[in-house]
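All remarks here apply to the structure that follows.
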Amino acid sequence: MYTQAMDIPDESGKKLAVVPGTASELEAAFEARIAADGRIEPQDWMPDAYRRTLVRQISQHAHSEIVGMLPEGNWISRAPSLKRKAILIAKVQDEGGHGLYLYSAAETLGTGRDEMLAGLHSGKAKYSSIFNYPTLTWADVGVIGWLVDGAAIMNQIPLCRCSYGPYARAMIRVCKEESFHQRQGYEALLVMMKGTDEQRAMVQDAVNRYWWKCLAMFGPPDADSPHSAQGMRWGIKRISNDELRQKFIDATVPQAKVLGVTLPDPALKWNEERQHYDYGQIDWTEFWNTVEGNGPCNKERLATRVKAHNDGQWVRDAALAYARKQKERAIKEAA
Ligand code: FAQ
């Protein structure tokens, strides 16, 4: 289980925390570990800024998984067959599980889940822009699997090599599950494309609405990304936002051809010299507007999460009361 693996020590050397020394010696040991591509573990000494960066990124990632359950969750009761419903339920549950591994990984850095959730519920913490758009038709569910999970995997595979051990280990399992999510989405679309003209039009419409939003998922261009340079230096990020975006485009164009859909970008063209596809301008104004809370579904998504959290208060209260009773019983029995 992932939770048991969180304390696995790094084989590359002794724990930084057990090496006595001054602050500058500890910092030097941390830097040496990073330079040697070793892993930092929860008990190790680490600079405050490294810790803060990880809590920010991992908790935002966790929030994305949890809020990301909502757009597809809306279709569970309307899935077109029993098979599609079973797959979709499994996928949405997986996303919930990803959120939980990630909150646990962030907790190893000393930040409580209540604090992280308070950040989400107050609108202070971010989550992925992509989940603030509506799912209008069944084709949107297929396109989320193909393109949104596809973009998520592209971004998350390098995170399996993140310098922070618990995050890297969580990502291994997450990526395996995301791979199933991507395939089920693509397969659902392949079936629709073999159907009626109306079904094919539905797929094309979903691709048209989601394509540009998926490209923005990778974050702002490198030149406008305030956290990238330090994140790369610390081995948290391994590949830059723009490079990942390019890799995603290069991998997706042939898949779109097989599927028989057009990607909605007239500038999309193979560049022989670069050995990559050229592509058009992403609307960053729209992206930032959505990130800042003004996308089409931001308010609805947050309100749904806050209601679910409040509705679940009795479960947390009951679990705490039970734990208290267990403890009291153990004390009585020991007396
Ligand atoms: N949406 O300087 P950078 C999924 C923010 S999981 C919203 O480049 P960084 C699974 C960024 O946080 C999808 N905000 O920052 C699934 C920062 O804000 P801050 C989530 C964004 O951290 C599928 C500011 O802009 N994946 O889809 C976005 O170095 C289907 C400046 O940006 C992850 O979270 C955005 N798209 O790089 C679930 C992966 N992009 O903190 C359900 C882990 C940027 O200063 C259904 N995260 N921002 O207030 C990462 O890899 C990185 O955090 C990046 C951003 C690449 C997202």
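The values are calculated or read from the model by the stated rules, or taken from the named source; none is laboratory data. Not measured: the values here are computed from a predicted model. So basically every Cβ, Gly included, is an ideal-geometry build from the backbone, and we count neighbours across all protein chains shown. Ligands, DNA and RNA are excluded from the accessible area calculation, which covers all protein heavy atoms including side chains. Shrake-Rupley method; radii C 1.70, N 1.55, O 1.52, S 1.80 Å.
Right, K83: open to solvent by 10 Å² or more (accessible area, probe 1.4 Å) and part of a helix (DSSP H, G or I) or not? In short, yes. Scoring E25 on the criteria (1) modelled with pLDDT of 95 or more; (2) part of a helix (DSSP H, G or I) leaves a single failure, condition (1). For segment 248-267, a residue qualifies if it is within 20 Å of I157 (Cβ to Cβ), surrounded by fewer than 19 Cβ atoms within 10 Å (Cβ to Cβ) and in contact with a strand residue (DSSP E or B) (Cβ under 9 Å, 6 or more places away or on another chain), and the qualifying residues are D250, V253.
So which residues in segment 212-234 are assigned to a loop (DSSP other than H, G, I, E, B) and surrounded by fewer than 20 Cβ atoms within 10 Å (Cβ to Cβ), if there are any at all? Those that are assigned to a loop (DSSP other than H, G, I, E, B) and surrounded by fewer than 20 Cβ atoms within 10 Å (Cβ to Cβ): P220, P221, S225, P226, H227.
The lone criterion from (1) open to solvent by 40 Å² or more (accessible area, probe 1.4 Å); (2) in contact with a Pro (Cβ under 8 Å, 6 or more places away or on another chain); (3) within 29 Å of A188 (Cβ to Cβ); (4) not acidic (D, E) left unmet by L244 is number (1).
Within segment 158-177, restricting attention to residues that are free of Cβ contacts under 8 Å to residues at least 60 places away in the same chain and not basic (K, R), the residue that is surrounded by the most Cβ atoms within 10 Å (Cβ to Cβ) is M171. Looking only at residues in segment 109-123 that are without any contact (Cβ under 8 Å) to a residue 12 or more places away in the chain and not aliphatic (A, V, I, L, M), the one that is nearest to A62 (Cα to Cα) is R113. Of all positions in segment 319-334, none carries a residue that is more than 16 Å from the ligand (Cβ to nearest atom) and within 20 Å of C214 (Cα to Cα).
Per the listing W288, W270, W314, the residue uniquely open to solvent by 50 Å² or more (accessible area, probe 1.4 Å), touching a strand residue (DSSP E or B) at 6+ places or on another chain (Cβ under 9 Å) and hydrophobic (A, V, I, L, M, F, W, C) is W270.
Residues in segment 291-311 that are open to solvent by 80 Å² or more (accessible area, probe 1.4 Å) and closer than 24 Å to M217 by Cβ: E292, N294, P296, K299, E300. Sort out which residues of segment 245-284 are of a type in the set (F, W, Y) and part of a loop (DSSP other than H, G, I, E, B), and write them in order of number. Once the filter is applied, which keeps residues that are of a type in the set (F, W, Y) and part of a loop (DSSP other than H, G, I, E, B), segment 245-284 yields only Y279.
Against the numbered list (1) within 25 Å of the chain's Cα centre (by Cα); (2) assigned to a helix (DSSP H, G or I); (3) not β-branched (V, I, T), L320 comes up short only at (1).
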